[in-house]
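The values are calculated or read from the model by the stated rules, or taken from the named source; none is laboratory data. Note that the structure is a prediction, hence the values are computed from the model and not measured. Here Cβ is always computed from backbone atoms with ideal geometry, including for glycine, and neighbour counts include all displayed protein chains. Remember, those area values only see protein heavy atoms, side chains included, never the ligands or the DNA or RNA. Shrake-Rupley method; radii C 1.70, N 1.55, O 1.52, S 1.80 Å.
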Amino acid sequence: RQEYFRGHDDDVLQIAVHPSRDKVASSQIASFAHRSPPIYVWDVASKNILSTLQGFHRRKVTLLSFNSSGQFLVSVGGDERHSVCVFDWKKRTTIFSANGHLDDVYHICHNPLDPLEFTQVGNKHVKFWQYRDEEGRIGGMRQTKNMSREWRQAEPQVVACVTYSREGFPIIGLEDGHIFFYGRGKASAVQTQGLLEVHDRIHQAHAGQVVALCSLESEAKAFVSSGRDALIKVWGLSSGESRRGSNRGDSQAGSVKWSAKRVIDLTPLAMDGMRAKIERE
């Protein structure tokens, strides 16, 4: 049977699941009763509200993400600066808040290996956050390693999604269909830890914008992507040389070779409820 959480009084915009899987955070737009849109953290089984976070955001709360320990919750608001706020949700206190970006923010994701780090992506930007710094740093999309002569550097564009590798580095999906992998650059006398740089890519992973990315917990070197080409691809390490020009979007250069181990074509789902077509490598 279906059960419902009935705490909201207007459109629900975002849901985030706690790492323990037994709690959920949800947000909404501002309403007549709530000029500052509330964020509710509630118990999945009982539907009881565990915490209400309110007073910082205006208009709406568009994004939510728990950190890997589950102690903190990050939110992004719908104001002009897409303000970012980090809450200790149990204590109902704000850890810090800052401006997100003037352009739209589409996704945020925490590093599974560092509970105090997350990445924000959106229209023409990537931004890396550290709790201890209480501010983000704009990242580049220029590839610094493993660059093929046939490729062009990425122009500023929409970045709709981000996930993390099992090594704790961001992976982003671009509007032009590429998937970029970040790594650490060289440390310096001023910068004890190297900056995050694009070190590799899957060139033309999708024929069109990459709209979603998800790392697989069950496999060390695997993740899933989806694109506007109506394809879902499960990526894994390639057993041999990459096939140049393959329509599977295999990685063509770099220290790691990726190939689509499974491709699910969702196009038939739009035609009389037909089942999706699944192709295996």
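Given a 1.4 Å probe and the protein chains as shown, residue 237 ends up with an accessible area of around 80 Å².
When you restrict to C-alpha pairs under 8 Å that are six or more residues apart and normalise by the size of the chain, the relative contact order lands at 9 percent.
Compute the Cα gyration tensor for region 61-208, then decide on rounded, prolate or oblate, letting a ≥ b ≥ c be the square roots of its eigenvalues: rounded whenever a/c is under 1.5, prolate when a/b is larger than b/c in the other cases, and oblate in all that remain.
Taking the square roots of the gyration eigenvalues as a ≥ b ≥ c, region 61-208 is prolate.
Near residue 96, once Lys and Arg are set to +1 and Asp and Glu to -1 for all other residues with Cβ below 12 Å from its Cβ, the sum equals -3.
Taking other residues whose beta carbon is less than 10 angstrom from the beta carbon of residue 41, and scoring Lys, Arg as +1 and Asp, Glu as -1, yields +2.
With a 1.4 Å probe and every protein chain kept in, tell me what percent of the accessible surface of the chain is carbon plus sulfur.
C and S fraction of accessible area: 48 percent.
With all protein chains in place and ligands, DNA and RNA left out, the 1.4 Å accessible area ranks 124, 90 as 90, 124, largest first.
Between residue 52 and residue 130, the modelled label-to-label distance comes to 3.7 nm, taking each label 7 Å out from Cα in the direction of the beta carbon.
With coordinates expressed along the principal axes, the C-alpha atoms belonging to the chain extend over 61, 58, 32 Å, beginning with the largest. Summing charges over all other residues whose Cβ lies under 10 Å from the Cβ of residue 176, with Lys and Arg as +1 and Asp and Glu as -1, gives -1.
With the Kirkwood sum run over all distinct C-alpha pairs, region 132-186 has a hydrodynamic radius of 12.8 Å.
Ranking 26, 97 by solvent-accessible area of protein heavy atoms (1.4 Å probe, all protein chains present), from largest to smallest, gives 97, 26. Placing unit charges on each Cβ (+1 for Lys and Arg, -1 for Asp and Glu) gives the chain a dipole about its Cα centre, and among 69, 187, 42 the Cα reaching farthest toward its positive end belongs to 187.
Taking the Cα centroid of region 47-64 and of region 106-128, what is the distance between the two, rounded to the nearest whole Å? The two parts, judged by their Cα centres, are 20 Å apart.
Taken per residue, the accessible surface of region 19-125 reaches 44 Å², heavy atoms only and a 1.4 Å probe. Listed by chain and number, the lysines whose C-alpha is less than 17 Å from the C-alpha of residue 47, apart from same-chain residues fewer than 8 away, are 23, 90.
Take the alpha carbon atoms of region 1-120, find their radius of gyration, then divide it by 2.2 N^0.38 Å using N residues; give the quotient. Provide the component values of the computation, followed by the final result.
Values: Rg = 13.6 Å, N = 120, 2.2 N^0.38 = 13.6 Å.
Ratio of Cα Rg to 2.2 N^0.38 Å: 1.00.
If I stretch the segment between residue 43 and residue 228 completely, what's the gain in nm (0.36 nm per residue apart, minus their alpha carbon distance), one decimal? Write out the running numbers ahead of the final one.
Numbers: separation 185, 0.36 × 185 = 66.60 nm, distance 3.46 nm.
Here the segment from residue 43 to residue 228 would lengthen by 63.1 nm.
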